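Q: Can you read through this structure? Questions will come right after.
The values are calculated or read from the model by the stated rules, or taken from the named source; none is laboratory data. Model, not experiment: these values are computed from the prediction. Because the Cβ atoms are built from the backbone with ideal geometry, glycine has one as well, and the counts that use them run over all protein chains shown. Surface areas here come from the heavy atoms of the whole protein model, side chains and all, with no ligands, DNA or RNA. Shrake-Rupley method; radii C 1.70, N 1.55, O 1.52, S 1.80 Å.
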Amino acid sequence: MLYHDAGLAWLHFVFAFILVGALFAEAVLLRLPVDARMARVLLRVDLFYGASAVLLILAGISRVVWGAKGWAFYEAQPFFWAKMATFAVIGLLSIGPTRSFMRWVREAKADTGFVVSGEEAKRVRRMVMIEVHVVALLLLFASLMARGVGGA
Ligand code: HEM
């Protein structure tokens with residue numbers, strides 16, 4: 001069980017780190033002028049973000065079901081549910097930036113001089129930064145959940 005649980009924890013950390021890394025990359029790249037090439041780069045980074053989120057959910061479910069503590073432990077943890085709710089909020093917040101990146105790439109195909117206005121890039125960056133802060137909150141819930149704080 002020890003190696004099994006350690007393996008699932010490792011997978012969970014790898015996907016969580018890729019997700020957080022992709023989010024920070026978007027926040028940094030959105031400080032630079034967004035032309036056609038940068039719009040394509042942002043969309044590719046966002047693809048990593050999306051794929052890591054899906055793999056993170058699968059690794060997370062695997063930990064809940066097949067990990068050392070089992071479903072009965074997590075079911076009784078208020079911070080497990082707080083973590084799941086926070087993860088859902090992050091998912092919803094990520095829709096806006098993803099749609100912007102997709103639209104920018106589309107518009108750039110039709111316009112060789114395509115550049116995103118500073119105002120619009122700032123607005124999308126603000127949404128990405130809100131996600132970053134909500135991830136920090138999720139990490140707090142993850143730490144409390146793992147130690148059974150507030151649970152039965
Ligand atoms: C942005 C998304 C997520 C991040 C950054 C994240 C991060 C973490 C971290 C840092 C831990 C270790 C906590 C500790 O030992 O102190 C952890 C544990 C865990 N996470 Fe996640 N997680 C995420 C999403 C999920 C999801 C979606 C699930 C379930 C579907 C999940 C299930 C778990 C489980 C079961 C543990 C083990 C806790 C324990 O040791 O008892 N996580 N997560």
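Q: Straight-line reach from Lys83: which aspartates and glutamates fall under 13 Å, measuring Cα to Cα and dropping same-chain residues less than 8 apart?
A: Glu75
Q: Same structure again: For the chain, what is the calculated [θ] at 222 nm in deg cm²/dmol (nearest 500), taking -39500 (n - 2.57) for each run of four or more DSSP H residues and dividing by its residue count?
A: Numbers: 6 runs with 125 residues, N = 152.
Estimated from H runs of four or more residues: -28500 deg cm²/dmol.
Q: Here is a follow-up. Using the Cα atoms of the chain, I'd like the radius of gyration and the largest Cα-Cα distance, Dmax, both in angstrom.
A: 18.0, 60
Q: Looking at the range 1-47, which trypsin sites (Lys or Arg not before Pro) are in a loop (DSSP not H, G, I, E or B) and have at most 15 other Cβ atoms within 10 Å? Don't skip to the end; give the middle numbers.
A: Details: sites: Arg31, Arg37, Arg40, Arg44; in loops: Arg31.
Loop-located and lightly packed - Arg31.
Q: For Arg126 and Val54 in the same chain, what is the full-extension length gain: residue separation times 0.36 nm, less their Cα-Cα distance, in nm? Don't skip to the end; give the middle numbers.
A: Numbers: separation 72, 0.36 × 72 = 25.92 nm, distance 2.35 nm.
Using 0.36 nm per residue and subtracting the Cα-Cα distance, I get 23.6 nm.
Q: Under the Karplus relation 6.51 cos²θ - 1.76 cosθ + 1.60, θ = phi - 60°, what is the ordered set of whole-Hz ³J(HN,Hα) values for the range 104-114, x standing for Gly and Pro?
A: 4, 4, 5, 5, 5, 5, 8, 9, 5, x, 4
Q: Now for a different question. Considering only protein heavy atoms, with the full assembly of protein chains and a 1.4 angstrom probe, order Ser117, Ser100 by accessible area, largest first. Display every interim value, and only then the final one.
A: Numbers: Ser117 60, Ser100 10 Å².
Heavy-atom accessible area, descending, gives Ser117, Ser100.
Q: Using a 1.4 Å probe on the protein chains only, how many percent of the accessible area of the range 2-146 belongs to carbon and sulfur? Please report the intermediate quantities before stating the final value.
A: Details: 6160 of 8420 Å².
Here carbon and sulfur together make up 73 percent of the probe-accessible area.
Q: For Leu32 and Phe13, compute 0.36 nm times the residue count separating them, minus their Cα-Cα distance, and round to one decimal in nm.
A: On the way: separation 19, 0.36 × 19 = 6.84 nm, distance 2.92 nm.
Value of the extension gain: 3.9 nm.
Q: In addition: Can you give me the accessible area per residue for the chain, using a 1.4 Å probe, in Å²?
A: On the way: 9030 Å² over 152 residues.
Roughly 59 Å² per residue, with all protein chains present.
Q: Continuing with the same structure: Which order do you get for His12, His4 if you rank them by accessible area with a 1.4 Å probe, largest at the top? Display every interim value, and only then the final one.
A: Working: His12 30, His4 90 Å².
From most exposed to least exposed: His4, His12.
Q: HN-Hα J couplings of the range 34-42 from phi, Karplus 6.51/-1.76/1.60, θ = phi - 60°, integer Hz, Gly and Pro as x?
A: Residue by residue, the range 34-42 yields 9, 9, 4, 5, 5, 4, 5, 4, 4 Hz.
Q: Now for a separate question. Treating the angle as unsigned and between 0 and 90°, give the value, to the nearest 10°, between the Cα long axis of helix 2-29 and the longest Cα principal axis of the chain.
A: Long axis of 2-29 versus the principal axis of the chain: about 20 degrees.
Q: Starting from 0.36 nm per residue, how many nanometres of slack lie between Thr112 and Trp66 once their C-alpha separation is accounted for? Walk me through the numbers before you get to the answer.
A: Values: separation 46, 0.36 × 46 = 16.56 nm, distance 5.17 nm.
Residue separation times 0.36 nm, minus the Cα-Cα distance, leaves 11.4 nm.
Q: DSSP loop trypsin sites (Lys or Arg not before Pro) in the range 46-152 with at most 14 other Cβ atoms within 10 Å of their Cβ, which ones?
A: Lys69, Arg147
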